[in-house]
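Chemist: Structure below; questions to follow.
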Amino acid sequence: MLLRLCILKMERCLNCRIGLAMLKNEFIIKKYNILYFFVIFYTTCDAFAYFGAVNSLGKLVFFFMLFYLLINNYMFPRGFFFILFFLIFALVLNYFIDPLSISLNFKALIRIFNPFLFFMCLSHVKKQCFSRNLFLTFFRVFYISTYLSLFLGKITGIGLNYRLGRDAFAGFFLGANAIGIMLIIIQIYLLFLYPVIYRFEIFVILICNIIFGYYVFTKSSLVAAFFAFVFLHLFFKSIRRISILIFIYVLIVSIFKDTFFKRILYEILENSAYINILTSNFIHFLFNSREIYFESFFNHLDLNIFSFLQLFIIGFGDYGVVERILPGLDWITETNINLVGRATFEMDFFDLFFCHGAMFTILYGLYLIKYIKFMVKRGGFWVTLLLISLLIHSFLAGHVLHATSATGVLIFLYFFVAENNCFCKWKIA
């Protein structure tokens, strides 16, 4: 009798544990379903960033979810912990140097630490969040949001839609440069997802990248349009033959006869702001007026032992860089740096060095090199070219390392490739 009671009690305890485990698993599934939603629609918030409240609210919820997962798993890589500690240490020291710097420098801390935060949090849920089917859904939401934003921006006139003396497709993004970066990243995704995407869908994506890349009309968007044109010819043999014949025909006719296409070409060359800048001042064309920022910065930089040590150890912070650049910008009359906002070099590696210091730049560079090596190994020749174009743009114009829209999407790509053991394999049609 006593033995039977003990057995019954053990069965009840076991059933309770099973029931608790089932409830816990159900809670975890629901938790991950919420995360799925924000992962899939993360890029939509960036595509419609013109509506700041919506974008900020979506990102805020997403960050809270990631922080919860991080705390719940009690994991914090030592290397990332050191980076965060270093950034906070620099923030505090710059605060004692100039108390007004805290707001601008804190925003810079969030931007630069964003990819590390994403990596930490998503590494806890990588098995659940980065299946091939789910990631394909994420990619479709990504490019549809981007194109829809550009299309609605054109027909409504909302967003940054005027650049270099002409209309530009900027949609609801905060800046036109960000769009070119997104178009390049879309093509990197496309190369990895090529085996599981419909050929017609590939055709539409490449055509959209060509059209929007041209009409956005920034260096990065033109690079995206160029690569899309190349991939269109590599993926589709029939298109390649027809387009080559049309190109040769138009070229021959345009040389020997005054045609409609010839007049359009001449008008583009004569009225293009980029062509005018290129022929008048190559440096100005290459850096898009950012050489003025350098001139102002170094004219107002008092380099002594203290500032040298500050630059080497903690950097000047965003506030310190803007403080030295702002006096040389005649078109900005506002003197309150925090109201002006981020007016640094807008060249990622220079901002990284002068804002965060030499030591942090070396640490960040080591992780960046590790990421690039991984993607190059898995991506092959064309992915390598696209990544190089991102790095060149990051060096010349920024909007990559300090843009949460770009770094977040690149971290998503890393986990998809790593978890699915993906290699970029596609055959020329």
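The values are calculated or read from the model by the stated rules, or taken from the named source; none is laboratory data. These numbers come from a predicted model, not from an experiment. With ligands, DNA and RNA removed, areas are computed over all heavy atoms of the protein, side chains included. Shrake-Rupley method; radii C 1.70, N 1.55, O 1.52, S 1.80 Å.
Chemist: Once Rh is set to the Kirkwood radius over Cα pairs, what Stokes-Einstein translational diffusion coefficient, in µm²/s, holds for the range 376-415 at a temperature of 20 °C and a viscosity of 1.002 mPa s?
Modeler: 200 µm²/s
Chemist: In sequence order, what are the phi-derived ³J(HN,Hα) couplings for the range 359-373 according to the Karplus relation 6.51 cos²θ - 1.76 cosθ + 1.60 with θ = phi - 60°, rounded to whole Hz, with x for glycine and proline?
Modeler: With the stated coefficients, the range 359-373 comes to 5, 5, 4, 5, 4, 5, x, 4, 5, 5, 4, 4, 5, 5, 4 Hz.
Chemist: Next question. At 1.4 Å probe size, with no ligands or nucleic acids counted, give the accessible surface of H124 in Å², nearest ten.
Modeler: Accessible surface of H124 is approximately 30 Å².
Chemist: Just for the Cα atoms in the range 352-392, what are the lengths along the principal axes, largest first, rounded to whole Å?
Modeler: Here the Cα extents, ordered largest to smallest, are 33, 17, 7 Å.
Chemist: Tell me, what is the 1.4 Å probe accessible area of E323, in Å² to the nearest 10?
Modeler: Looks like 80 Å² after rounding.
Chemist: Give the ranking of M347, M65 by solvent-accessible surface, highest area first, calculated with a 1.4 Å probe.
Modeler: Sorted by accessible area, descending: M65, M347.
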